Structure formats: C-alpha cells, structure tokens
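Q: Below you'll find the structure I mean.
Values in this text are rule-based calculations from the coordinates and carry no lab data. Just so you know, these numbers come straight off a predicted model, no measurement behind them.
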Amino acid sequence: MRRAVLLLVALAGCNGRPAVPRSGRYDVGRVATADEIAAVDDSIFPDGRGLPRGHGTAREGKPLFAALCASCHGPNGEGNDDYPQLVGGRGTLGSAQPQLTVGSYWPYATTVWDYIHRAMPYVGAGALTQDQVYALTAFLLHANGIIAEDAVLDERTLPSVQMPNRNGFIPDQRPDVAPR
C-alpha cells in the first residue's frame, strides 16, 4: 500500500510530472522527495536487469497463492468472476476463444515477476517481499507446466525461463524504433 501512496504522491500532477501544491485551491499534495521516488522507481527488463535479490520455489508459492490469490483467481488459477484465469490455455491463442494466461500468452517470465511485484495482491499492491514474489512466480510457472516444482527462481535463473509464447510476438519493424 505504501508503494501506491508514494506513486500517487509522485505522479499526482499527471504526465509524469511531480505534483505541485496549489495553495489557495485545495492545499493538497507536495513534491515527492528523491527517496520517495527512488522507492517506486524500478524497472525490470526481459533479460533480468533490475531484478532484486531473492528466491522462491513453487512449493513455497503454493500456500501464498492459496492465502493471497485464490479468492480472486480460483484455487487452481482458473479465474473467478471478473478476475482472469492464470493457468492453462496453452494452444488456444489461434482458436476462436483464446485464453490469455501466464502459460499461454506472456512472453517473459520476468514480466510475470514484475506484475506480481507491482500490482498484487489486489488489496495490498506492493506489499509482498521479493522472496514472496519469486515464490508466487514459481508457483504460477509450475502450475502452467513451465518449470519443475523444486526449481529455485532468483535474479539469475528467472530470466532464463523460456515461456511457451516467447516467440509469439512480432517485433516492431519501424526504422525509427530501436531494437530491443
């Protein structure tokens, strides 16, 4: 929750500019400090740059998923009501009813880590430790048949995970866009 509040303080001025207090109008807000911005200013790249130290396995992630994620995403990641399915769907992208899951759609395992880190759990985004994020990522990758249950994910091993849809995206061929 602290990350979300700091991010709001840092970006409340829109367009990525720091919020500037408006005396006389609402007198709300302040310019975020450099330390507050640094606390939420992290970028995780597909090659693993930016990943923090930590580790986790699917075995460690299973009880975390049950406690923090299953109420929305279902006990096995099958989805619930308005919350997306996370597990399954492999081979459905070319069908009339594609299932966009971690195992069928996402091209990079580091993106799974980054999303969990920034946005989950829904009611307390940013509250998980690095080890918890690695464990939840491992659980989802294992549930999708991508890694073994006892595989240890960390800042070195996570970028080497080959996602099933790794080559399913078309690179941007525009000459004015630098290759990634």
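Q: Do me a favour and compute the ellipsoid semi-axes for the stretch 49-96 from its Cα gyration tensor, root of five times each eigenvalue, largest one first, whole Å.
A: 24, 17, 10
Q: How long are the three semi-axes of the equivalent ellipsoid of the stretch 43-160, in whole Å, if each is the root of 5 times an eigenvalue of the C-alpha gyration tensor, listed from largest down?
A: 21, 17, 13
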